[in-house]
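Since the structure comes first, as structure tokens, the remarks are kept for the end.
The values are calculated or read from the model by the stated rules, or taken from the named source; none is laboratory data. The structure presented is a predicted model; accordingly, all values stated were derived computationally and were not measured. As a convention, Cβ positions derive from the backbone with ideal geometry for all residues, glycine included, and neighbour counts pool all protein chains shown.
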Amino acid sequence: MKNIFLLFFLTLGVLTFSNLYSQTEDTLQTSNDTVITAVDTLSIKDSVRNAFLNSPERLKVVALINQVNETSAKVDLIHSESIVKFKTSSIDETGEIEIKIKKKDDLWFRIWGSFAFVSKDAFIAHFNRKKFIYFNNLDEKVIEGTTTDNNIGYLARIKCSFDDLMNVMSGTGSVVYSNTDTLSTENENVIVVKGKERVVKYTLDAGKKYVEKYSYYNSKKKEYLRVNFGNFINVNGGYFAKKVDITKPITSEYIKIVNENYTTNNQNMNFTVDFPSDVRRVKWDK
């Protein structure tokens, strides 16, 4: 009888072990299948992305964009003194602006004139792509914060991107795009950049391939921001616009800059914003 029970338990143990081993093998197989599937999915995504980025049509547009941006980059280290006109819902005034530009990352400006209601400097600011410092001489206040479209809009009096501000104040247009944007041309002289929530059309000079104007369109195909360049002159093999304006067609708001005096290739420009040590300081982290 003891032998029978012993045989029964041995048989049960073998079967149990066999089942556990079988389940482990199945589990491992399932796990391997999951890993292989994940790798295959990543491989497919990479293949699609590479096909998108390296399509002949896109590469042709990228080559044209590089040509345009290389021409724009020839006009750099700019120091200009200009007339500036603001027209918004609360401002319709003309003043003067001094600008310093170091492409692609540094922008300094000082604004004064009739809209300030005083003869001394009204606003002095330095922006780079990450942060800014802004001295409001009228209110004896310094504002520091992150460079966002909203912050630029508040300080520059019209909402736009850092690249738009750089284009306008430098008098030169560069084409901006990312690896997720769809690129195309409407003809040889119009570059179309399509993003998730925007479409930008850049109109080029037919022969010299520099930006004459560009416009942003929303999902309803309405133009909501336009930048125009005019009165071009040749500088260092690039093209500098002596007149630039940025317009919001829907609201009729605009900023116009007329560059009267300018120099380029200034290696020793100072981008410091000077202000008294006792002024109130405010942080914008939004």
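For the range 268-278, the criterion of being within 29 Å of Lys221 (Cα to Cα), of a type in the set (Asp, Glu) and at pLDDT below 95 is met by none of the residues.
Would you confirm whether any residue within the range 236-253 is of a type in the set (Ser, Thr, Tyr), closer than 21 Å to Val175 by Cβ and either in contact with a Lys or Arg (Cβ under 6 Å, 6 or more places away or on another chain) or at pLDDT below 95 (or both)?
The initial filter retains those residues of the range 236-253 that are of a type in the set (Ser, Thr, Tyr), namely 239, 247, 251-252.
Restricting the remaining residues to those that are closer than 21 Å to Val175 by Cβ gives 239, 247.
Keeping just the survivors that are either in contact with a Lys or Arg (Cβ under 6 Å, 6 or more places away or on another chain) or at pLDDT below 95 (or both) gives 247.
Scanning the range 236-253 turns up at least one residue that is of a type in the set (Ser, Thr, Tyr), closer than 21 Å to Val175 by Cβ and either in contact with a Lys or Arg (Cβ under 6 Å, 6 or more places away or on another chain) or at pLDDT below 95 (or both).
Residues Val176, Val193: which one is crowded, with 16+ Cβ neighbours inside 10 Å, part of a loop (DSSP other than H, G, I, E, B) and in contact with an Asp or Glu (Cβ under 6 Å, 6 or more places away or on another chain)? On inspection, the qualifying residue turns out to be Val176. Quick one: Lys220 ticks every box in (1) in a loop (DSSP other than H, G, I, E, B); (2) without any contact (Cβ under 8 Å) to a residue 40 or more places away in the chain; (3) within 18 Å of Lys60 (Cα to Cα) bar one, so which box is it? Tallying (1) in a loop (DSSP other than H, G, I, E, B); (2) without any contact (Cβ under 8 Å) to a residue 40 or more places away in the chain; (3) within 18 Å of Lys60 (Cα to Cα), Lys220 fails exactly one: (3). Of all the numbered requirements in (1) closer than 27 Å to Gly145 by Cα; (2) in contact with a Ser or Thr (Cβ under 7 Å, 6 or more places away or on another chain), Tyr224 misses one, and that requirement is (2). The residue that is surrounded by the most Cβ atoms within 10 Å (Cβ to Cβ), among those in the range 131-173 that are under 11 Å from the mean Cα position of the chain (by Cα) and assigned to a loop (DSSP other than H, G, I, E, B), is Cys160.
Pairing residues of the range 45-65 that are of a type in the set (D, E, K, R) with residues that are assigned to a helix (DSSP H, G or I), at Cβ distances under 8 Å and at least 6 apart in sequence or on separate chains, gives Arg58/Phe52. Summed over the range 76-102, residues that are under 25 Å from Thr146 (Cβ atoms) and surrounded by fewer than 18 Cβ atoms within 10 Å (Cβ to Cβ) total 4. Selection of the range 243-283 for residues being touching a helix residue (DSSP H, G or I) at 6+ places or on another chain (Cβ under 6 Å) and either closer than 19 Å to Asn151 by Cα or of a type in the set (Gly, Ala, Ser) (or both) yields only Ile246.
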